[in-house]
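Laboratory data are not the source of any read-out in this text; all were calculated from the coordinates shown. Predicted, not measured: the structure shown is a model, and the values here were computed from it. Positions of Cβ are backbone-derived with ideal geometry, glycine not excepted, and every protein chain shown enters the neighbour counts.
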Amino acid sequence: MNAMIDLLLQYKAWANRKIFDSVLALPDGEAVKPRETLFGSMVHTLNHVYVVDDIFRHHLNEAPHGYTARNTSDTPPLADLWERQQEMDDWYLAYGRALRPSERDEVVEFAFVDGGKGAMTRDEILLHIVNHGTYHRGFVGDMMYQVPAKAQANDFTVFLRDRKGAAD
């Protein structure tokens, strides 16, 4: 087990919980309301994160994923998406913990959904999915200000503080 990758995957699950709790607490309709943003709404942005997580889960398993884009055309209900995201986060935590040191630097070759070729180590893929989710949770946090509402803080520093506080 790589302690830093494990910590980052724990952070990813914690931060997802924070952003989903914030979005789930919004007044009806706000999470799916069309907004001037890349993916059009908070839920569709969170769905993009899930889809990319799933694509890379398939890459790690060296299996076809079946996606033709980095998002789906339909937006799933927020509660359903949250349930699937929790399962995904649990999968990544278990995968990262089970990965042997000799596998961490193995290169996984894959095709991007736009047709380009990619190659990343297993550790690079894990770091990517953590970083990717952080980037898009920021989009959702910005959209929450348009409600107006404020997302729970989900920065890595807050995770570390809260984690340390829970251990004391």
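Its DSSP H runs of at least 4 residues, each contributing -39,500 (n - 2.57), put the calculated 222 nm mean residue ellipticity of the chain at -20500 deg cm²/dmol, to the nearest 500.
A straight chain from GLU87 to TYR135 at 0.36 nm per residue would run longer than the Cα-Cα distance by 15.2 nm. Paramagnetic label reach from ALA167 (point 7 Å along Cα→Cβ; backbone nitrogen cut-off under 15 Å): within the range 1-44, residues 3-11. If R0 is 41 Å, what FRET efficiency do you get for GLU36 and MET1 from their C-beta distance, rounded to 0.05? Efficiency computed from Cβ-Cβ geometry: 0.45. Taking a quarter of the surface of the Cα convex hull of the range 3-167 gives a mean projected area of 10.0 nm². For the range 5-89, the share of alpha carbon pairs falling in successive 5 Å distance bins from zero is 3, 14, 23, 25, 19, 12, 4, 1, 0 percent. Approximating the spin labels as points 7 Å out from Cα along Cα→Cβ, the GLU62-to-ARG17 distance works out to 3.4 nm.
Database remark: amide H of THR121 closer than 5 angstrom to the amide H of VAL108 (H placed geometrically; neighbours at sequence offset of 5 or more, or on other chains; Pro and chain starts carry no H).
Of the peptides 34-42, 130-138, the order by per-residue mean of other Cβ atoms within 10 Å, starting with the highest, comes out as 130-138, 34-42. Cross-link partners of LYS18 among aspartates and glutamates, defined as those whose alpha carbon lies under 15 angstrom from its own and excluding same-chain residues fewer than eight positions apart: GLU83, ASP89, ASP142, ASP155, ASP162.
GLU124 sits among other residues whose Cβ lies under 14 Å from its own Cβ, and their net charge, with Lys and Arg +1 and Asp and Glu -1, is -3. Available extension along the chain between THR72 and TYR95 is 5.8 nm, counting 0.36 nm per residue and deducting the alpha carbon span.
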